[in-house]
Every structure is written in C-alpha cells, then in structure tokens.
Amino acid sequence: MSADLPVDCHVHSEWSWDAPEGSVDGACDRAVAVGIPGVVFTDHADLTAWFMPEHLHARMPPHFTERLGDDGVVRPSELDVEGHVAAVAAARERYPQLVVRAGVEVSEPHWHPSAVERLVRRGRFDLVIGSVHAVEVDGTPQMIESLFARWDADEVLRTYLREVLALVTAPVEFDVLAHVDYPVRSWPAKADPFEVGRFEDGFLPVLGALAASGKALEINTKRPLDARILEWWREVDGPSVTFGSDAHDPSRVGQAFADVAEHARSLGYAPRDTGDTGDTGDTEESDGSVSLRWWLTG
Ligand SMILES: [Zn+2]
Ligand SMILES: [Zn+2]
C-alpha cells in the first residue's frame with residue numbers, strides 16, 4: 001500500500017439505487033489492488049425526485065426506467081441506512097489493512113434540511129458529501145444534464161454553479177462539496193468546447209464561500225477536476241480536499257489518483273500525521289490512523 005495516495009472518499013456500492021454493478025467487497029479488493037489506503041462508501045441519499053423530459057426516456061438505463069412514473073418523474077429509491085452502515089462495518093472486519101468507512105452522498109441537501117438532519121443522525125456517517133445534480137426549472141426539479149438539449153451549454157453550467165452557491169451558503173450540514181464541475185461530464189460535442197477560464201466568475205464565489213465555511217472541496221476523478229479549479233481553491237485558502245472516484249462499479253475505484261494527488265501536494269495539501277485528530281470537530285479522523293481529507297499545510 002502506498003502511503004502517498006489518498007483514501008477514495010466517494011464510492012458507490014450495491015446499496016446505491018443507481019449502482020447495480022456496485023459492490024462493497026469488490027471496491028475493497030480493488031483498493032488493495034491499486035494501492036490506495038481505503039474507501040469511504042458514500043451511497044446515494046437522493047432526496048429529490050426529478051422530472052425527466054420525454055425525449056430522454058429511451059436513453060435511460062433500466063434502473064431509471066423502473067423508477068419513472070407516468071408523470072415523467074424519476075423517484076430514486078430510499079437509502080437503506082442501517083443496511084448500508086452494517087455492510088460497511090462488516091467489510092471493515094474483512095479488510096483490516098484498509099480504512100473502510102460509511103458515508104453518504106446527499107443530493108440537494110439545502111432543499112431538504114430536516115430530512116438531511118434525520119438522515120445524518122440515523123447514519124452517524126464518517127463523511128457526508130453534499131452534491132447538486134438538479135436545478136429547478138419552472139418550479140420542477142430537473143437533472144442538470146437533461147438541460148443541455150434545450151439550453152446553451154454555458155448557461156447550463158452557469159445555472160448549475162448558481163445552485164451550488166445556494167448549497168454552500170445554506171445552513172445545512174455536510175463535510176465535502178462533490179463534483180463542482182458536474183455538468184462538464186455531459187458537455188455536448190457541438191457546443192463551444194468547455195474552457196474553465198470562461199467560468200471564473202461562477203466558480204470563484206462558490207469556492208470562496210466553501211472555503212469560508214471550512215468544508216472540503218472534492219477532487220472528483222470521474223472526469224478529473226480541471227487543474228485551474230484546484231489552483232483557485234488554493235488561492236482562496238481552501239482548507240482541505242478529498243479525493244473521490246465516484247465509482248459506480250469497482251473497476252473505477254482510485255482512478256487517476258496518482259496524478260491528482262501529486263497536483264494537490266504541489267499546491268500544499270497533504271494528509272495529517274498519524275495521531276493528529278484535527279481541530280474541526282469532525283469524527284473522521286478519530287482513530288488517528290489515516291486522514292480522509294488532505295489539509296492545506298503551506
Ligand atoms: Zn453525485
Ligand atoms: Zn456519486
């Protein structure tokens with residue numbers, strides 16, 4: 001195991017409704033194979049039901065189709081919190097060489113503050129990821145990527161970043177902001193190519209507010225986070241980062257971690273030394289063994 005690589009803090013298992021190929025054991029095996037020190041299972045608590053435009057129905061995978069109502073709304077299944085937490089605890093016994101933790105990825109937590117509070121109390125998670133996948137259009141939540149068919153691509157990303165700003169400035173509890181560049185994954189080939197500099201005025205307020213809140217920025221490697229965004233995070237003295245593959249099947253666990261870890265290190269982010277439990281009040285490092293977050297040290 002390489003001490004130089006970070007824990008994968010964003011992995012989905014079979015406990016996520018949208019990860020039929022996910023596997024707790026498979027992800028742990030993969031973590032051992034690729035030499036990362038551990039995995040945090042952040043299965044989905046998708047509290048928002050989304051409207052899915054009809055032209056996309058034919059392209060939806062079966063786990064979406066099964067949850068599509070006659071009203072065109074996809075209703076994600078509720079996370080089995082106790083089942084998820086117990087499965088992760090059992091894996092922790094089977095993989096003593098790894099850090100294995102139970103977390104959760106909560107969708108649009110600022111729209112569902114009391115549900116989030118109940119969920120977090122119930123799960124006692126080691127890490128809560130806050131994410132935005134949807135925005136409200138004409139009073140109806142819609143998945144952000146579904147808007148590319150109707151809107152200018154730049155406007156989709158700008159709308160997304162406004163919603164992320166609403167999340168990071170809301171009084172809602174979470175530890176890490178997930179995939180701040182999420183819509184870029186679905187960037188249309190026929191649009192002007194994505195150029196991060198065009199959106200500095202959208203990203204910077206988000207990063208500034210997130211830094212002020214003391215929360216972490218996730219370096220999501222599904223589509224490796226643009227290097228410039230991490231540099232902006234350093235410029236606003238962003239206090240910490242986490243690394244997340246967002247794997248929905250074990251083969252992607254730890255994907256591209258060597259490259260992004262090196263970049264984070266070059267900007268001054270590093271794991272805390274063994275035994276340092278940190279000063280944020282988080283429980284995430286309570287056993288003092290491995291730092292889930294990398295902290296700004298410079
Ligand atoms: Zn997500
Ligand atoms: Zn995810």
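The values are calculated or read from the model by the stated rules, or taken from the named source; none is laboratory data. For clarity, every value in this text was computed on a predicted model and none was experimentally measured. Here the Cβ is made from the backbone with ideal geometry for all residues, glycine too, and neighbour counts use every protein chain on show. Side chains are part of the model used for accessible areas, which takes the heavy atoms of the whole protein and leaves out ligands, DNA and RNA. Shrake-Rupley method; radii C 1.70, N 1.55, O 1.52, S 1.80 Å.
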What nm value, rounded to one decimal, do you get for the distance between Asp192 and Glu231 when each label is placed 7 Å out toward the C-beta? 2.0 nm
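Against the 2.2 N^0.38 Å scaling, with N counting residues, where does region 1-149 land? I'd like the Cα-based Rg ratio to two decimal places. Show your work: numbers first, answer last.
On the way: Rg = 16.8 Å, N = 149, 2.2 N^0.38 = 14.7 Å.
Relative to the rule-of-thumb radius for its length, region 1-149 sits at 1.14.
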How far, in nm, would the chain grow between Arg122 and Ala258 when pulled straight, counting 0.36 nm per residue and subtracting the alpha carbon separation? 45.5 nm
For the charge dipole of region 8-296, defined by +1 on Lys and Arg C-beta atoms and -1 on Asp and Glu C-beta atoms about the Cα centroid, which residue among Trp233, Pro37, Val74 has the Cα displaced farthest towards the positive pole? Pro37
Between Arg158 and Asp4, Cβ-based FRET efficiency (R0 30 Å, step 0.05) works out to 0.20
Just to check I understand the Karplus step: with θ = phi - 60° and J = 6.51 cos²θ - 1.76 cosθ + 1.60, what whole-Hz values come out for region 52-59, glycine and proline as x? 10, x, 4, 5, 9, 4, 5, 9
Quick one: the Cα spread of the chain along its three principal axes, in angstroms, biggest first? 52, 41, 35
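Rounded to the nearest 500, what is the chain's calculated 222 nm mean residue ellipticity when only DSSP H runs of at least 4 contribute -39500 (n - 2.57) each, over all residues? Working shown, then result.
On the way: 8 runs with 89 residues, N = 298.
The per-residue figure over the chain is -9000 deg cm²/dmol.
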Additional length obtainable on full extension of the chain from Leu68 to Trp151, 0.36 nm per residue less Cα span: 27.5 nm
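Carbon and sulfur atoms: what percent of the 1.4 Å accessible area of region 8-296 do they account for? Display every interim value, and only then the final one.
Numbers: 5880 of 12070 Å².
So the carbon and sulfur contribution to the accessible surface is 49 percent.
Which whole-number percentage describes the relative contact order of region 8-296, with Cα contacts under 8 Å and a sequence gap of 6 or more? All intermediate terms of the calculation are to be shown ahead of the outcome.
Details: 537 pairs, mean separation 55.0, N = 289.
Computed value for region 8-296: 19 percent relative contact order.
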For the chain, what is the percent of antiparallel DSSP beta bridges, rounded to the nearest 5? 30 percent
